[in-house]
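Just so it is clear, none of the values below were taken in a lab; they were calculated from the coordinates. Everything numeric in this text was worked out from a predicted model, so none of it was measured. Neighbour counts run over all protein chains shown; Cβ positions are idealised from the backbone, glycine included.
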Amino acid sequence: MDRQSFLTGEFRHALDDRGRIAVPVRFRPRLAQGATLSRWLDGCLAIFPAETWEELAVKLQGLPTTNAAARQFGRFMSSGAVEVELDRQGRVLVPGYLREYAGLNGGEVVVVGALNRLEIWSADKWQPYRTGIEERPEALAEHLADLGI
């Protein structure tokens, strides 16, 4: 993956009355070959470019079926996943069950670039999450040290 293909930034968009969200223009080329929309961690949704979803799916398939947590995570991801395409205006349709999961009840949503995926957050959930990170960067730094960063 080249440097320009990383998905970064924070964008605010409206969820229309049909459940569609506009994908920021700068991300549309990465999704032109297809994408998968799924539940994601922390109560948000994620849009994975096709190649990223394929990599994740292979990893999920490789998890041990004898491990209950692995089975649970695999089900969580795959049962909530749907292939999506951008319409002519660069929007994706978010099915009702995914809108419900992420608390997208109309109004403003936040599209967050998270390097290999886009995350879609309810503005009501994103703001406290973001504030929590920004107010305690030292706590985050402690955890990153354990990850080798």
For residue 65, what charge total do you get from the other residues with a beta carbon under 15 Å from its beta carbon, if Lys and Arg give +1 and Asp and Glu give -1? +3
Applying the Karplus parametrisation 6.51 cos²θ - 1.76 cosθ + 1.60 with θ = phi - 60° to the phi angles of segment 66-76, what ³J(HN,Hα) value in whole Hz is obtained for each residue in order, glycine and proline being reported as x? 7, 9, 4, 5, 5, 5, 5, 5, x, 5, 4
I'd like the chymotrypsin sites (Phe, Trp or Tyr not before Pro) in segment 1-87 restricted to DSSP loop residues with at most 16 other Cβ atoms within 10 Å, sorted by number. 6
Among GluC sites (Glu not before Pro) in segment 67-113, those in a DSSP loop whose Cβ has at most 14 other Cβ atoms within 10 Å are 85
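Under a Cβ-Cβ cut-off of 15 Å, what is the net charge of the residues other than residue 75 that fall near it, where Lys and Arg count +1 and Asp and Glu count -1?
So the surrounding residues net to +3.
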When only C-alpha pairs under 8 Å and at least 6 residues apart count, what is the relative contact order of the chain, in percent? 34
